[in-house]
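Quick notes on the structure that follows.
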């Protein structure tokens with residue numbers, strides 16, 4: 001059953017709202033993916049904070065008009081699933097990881113920072129560590145001097161105790 005005009009306007013408004021806050025859009029073609037596999041993909045997307053939806057291409061073109069992602073409109077043909085995220089790499093990572101294990105999902109294109117990406121560009125974007133991983137690395141780097149300082153203090157205290165006990 002097709003969408004009536006009000007439903008189409010609602011879909012365009014919903015997608016436009018997601019795009020307004022997005023940093024990245026990744027697009028993949030899907031043919032013959034089972035419902036179970038699609039459910040797994042949606043769960044992974046939800047866990048990563050990615051808006052993932054199968055949409056009519058014409059409605060997405062309308063939602064992308066007058067945005068930094070408007071250049072992606074030429075790539076929107078065929079049955080596509082759209083991943084939209086506020087995290088610069090999350091959408092690309094979710095679709096790329098799923099495509100590695102399922103040959104029926106083929107990365108098509110994406111857009112990041114106003115630039116249209118081809119399949120290789122989306123894969124390269126997906127290989128960048130995500131925000132959470134980068135924050136964890138930063139925290140580890142910041143904690144390293146503190147923990148080594150604590151070890152040094154403990155060693156000094158032990159040495160003083162030994163020196164005090166020997167005297």
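Here are some notes:
- For the stretch 55-118: rounded, prolate or oblate by the Cα gyration tensor [a/c cutoff 1.5]: oblate
- Option label - volume of the Cα convex hull per residue in Å³ computed here, alternatives (1) 124; (2) 157; (3) 106: (2)
- Long-range tail of P(r) for the stretch 12-51 (Cα pairs > 14 Å, %): 60
- With a Förster radius of 30 Å applied to the beta-carbon distance between residue 66 and residue 29, the computed FRET efficiency rounds to 0.70.
- Normalising the average separation of contacting C-alpha pairs (under 8 angstrom, six or more residues apart) by the number of residues puts the relative contact order of the stretch 5-128 at 36 percent.
- Once the Cα atoms are used to define both axes, helix 5-21 deviates from the longest principal axis of the chain by about 30 degrees.
- Of the peptides 140-148, 93-101, the order by per-residue mean of other Cβ atoms within 10 Å, starting with the highest, comes out as 93-101, 140-148.
- Separation of the residue 153 and residue 40 label points, Cα + 7 Å toward Cβ, nm: 4.9
- Projected label distance in nm at residue 132 and residue 58, using a 7 Å step from Cα toward the beta-carbon: 3.9
- Ordering of 105-116, 62-73, 128-139, 10-21 by packing [mean C-beta count within 10 Å, highest first]: 105-116, 62-73, 10-21, 128-139
Values in this text are rule-based calculations from the coordinates and carry no lab data. For clarity, every value in this text was computed on a predicted model and none was experimentally measured. A quick note on method: Cβ atoms are made from the backbone with ideal geometry, for glycine too, and the neighbour counts reach across all protein chains shown.
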